[in-house]
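Q: Okay, handing you the structure first.
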Amino acid sequence: MSKKIDLKINVPLNWSAVPLKKYLSLIKDMEVYADTSEALDATLFYHLCDLDPKYLSQLNISIYTDIRNKLYKLINIDDSPLQRIIKIDDTEYGFEPNLSEMAYGAYADLMKFKEVKINEDWASIMSILYRPITNKMGLLYEIEPYSGKDNKELFMNVNMDVHFGAMFFFLHTSMDLLNATQNYLKKELQKRVPNYDTTSIKNGVLTQQLLNWHKGISSNSMRF
């Protein structure tokens with residue numbers, strides 16, 4: 001005789017319900033079970049809904065399918081807005097207001113991460129970019145000078161909507177820079193060689209970098 005179990009399943013509909021430390025555990029297991037759809041489904045249910053895999057078989061097929069579709073929609077994120085001001089505990093943190101004028105120490109520490117994924121290093125990167133607000137007036141604010149202190153553990157508990165916002169901000173900034181560089185090179189070549197075929201630029205290294213960035217988002221990675 002089978003025993004009926006009442007299950008309460010909390011399904012996250014957006015990334016504001018998932019902290020970085022949980023996301024990292026999810027990605028780690030997704031890489032392990034990527035070749036098995038059933039195991040991949042179980043991984044999503046386990047990490048995002050806190051549902052033990054042993055209970056999956058007890059779910060009604062329509063409920064199972066509905067939750068599964070919501071989870072796959074969630075992980076197929078393709079954009080997220082930058083949140084310039086966030087609150088951690090009782091403290092407001094601001095995203096670096098002017099990247100072109102950031103402290104050399106902050107810039108140097110960022111450049112240590114030549115190629116980055118949203119992984120264990122990402123929390124350290126976020127602790128460089130977000131620092132406590134010292135003065136605020138409307139949408140304008142100032143943040144603490146960069147001290148070199150790594151608040152990695154603090155940002156491990158920040159939810160993924162904030163992390164994705166920062167990642168996509170850098171992705172879009174990089175793509176804008178790439179497009180501007182391509183246009184500049186085309187104009188310069190056309191000035192020097194009027195009949196120059198600019199197709200070679202389109203098919204060159206810069207375009208390949210753009211493709212790499214696009215590919216990187218699929219695996220939650222990017223280059224600075």
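Q: Which one is farthest from the chain's Cα centre (by Cα), of the residues in segment 32-52 that are within 17 Å of N10 (Cβ to Cβ) and exposed (fewer than 15 other Cβ atoms within 10 Å of the Cβ)?
A: D52
Q: Related question: Provide a single number: the residues in segment 127-167 that are small (G, A, S) and touching a helix residue (DSSP H, G or I) at 6+ places or on another chain (Cβ under 7 Å). Please lay out each step first, then the result.
A: The first filter runs over segment 127-167 and keeps only residues small (G, A, S), leaving 127, 138, 147-148, 165-166.
Going one step further and asking which of them are touching a helix residue (DSSP H, G or I) at 6+ places or on another chain (Cβ under 7 Å), we end up with 127, 148, 166.
The qualifying residues number 3.
Q: Would you be able to tell me the number of residues in segment 120-138 that are in contact (Cβ under 8 Å) with a residue 12 or more places away in the chain and loosely packed, with under 15 Cβ neighbours inside 10 Å?
A: Within segment 120-138, the first condition is being in contact (Cβ under 8 Å) with a residue 12 or more places away in the chain, and the residues that meet it are 120, 122-133, 136.
Applying the additional criterion that residues be loosely packed, with under 15 Cβ neighbours inside 10 Å yields 120, 132, 136.
Total meeting the criteria: 3.
Q: Same structure again: With (1) surrounded by 16 or more Cβ atoms within 10 Å (Cβ to Cβ); (2) under 18 Å from the mean Cα position of the chain (by Cα) as the list, and A106 as the residue in question, which single condition is left unmet?
A: Unmet for A106, out of (1) surrounded by 16 or more Cβ atoms within 10 Å (Cβ to Cβ); (2) under 18 Å from the mean Cα position of the chain (by Cα): (2).
Q: Among the residues of segment 107-150, count how many are outside any strand (DSSP E or B) and polar (S, T, N, Q). Reasoning before the result, please.
A: Going through segment 107-150, the residues outside any strand (DSSP E or B) turn out to be 107-114, 118-129, 138-139, 144-150.
If we keep only those that are polar (S, T, N, Q) too, we end up with 119, 124, 127, 147.
So the answer is 4.
Q: Does at least one position in segment 32-45 carry a residue that is farther than 17 Å from L71 by Cβ, charged (D, E, K, R) and modelled with pLDDT of 95 or more?
A: Within segment 32-45 (the criterion being farther than 17 Å from L71 by Cβ, charged (D, E, K, R) and modelled with pLDDT of 95 or more), the answer is no, since none of the residues qualifies.
Q: Now for a separate question. Is there any pair linking a residue in segment 33-59 that is under 23 Å from M160 (Cβ atoms) and of a type in the set (D, E, K, R) to one that is modelled with pLDDT of 90 or more and outside any helix (DSSP H, G or I), with Cβ under 7 Å and at least six apart or on different chains, and which?
A: Listed by first residue and then by second, the contacts come to D50/N10.
Q: Okay, moving on. Just name the residue that is farthest from L129 (Cα to Cα) out of those in segment 53-89 that are surrounded by 13 or more Cβ atoms within 10 Å (Cβ to Cβ) and among the basic types (K, R).
A: That would be R68.
Q: Identify, please: which residue in segment 139-158 is touching a Ser or Thr at 6+ places or on another chain (Cβ under 7 Å) and closer than 23 Å to K112 by Cα and is, among those, surrounded by the most Cβ atoms within 10 Å (Cβ to Cβ)?
A: Looking at residues that are touching a Ser or Thr at 6+ places or on another chain (Cβ under 7 Å) and closer than 23 Å to K112 by Cα, I get F155.
The values are calculated or read from the model by the stated rules, or taken from the named source; none is laboratory data. Note that this is a predicted model, so its numbers are computed, not measured. Quick reminder, even Gly has a Cβ in these numbers, built from the backbone with ideal geometry, and neighbours come from all protein chains shown.
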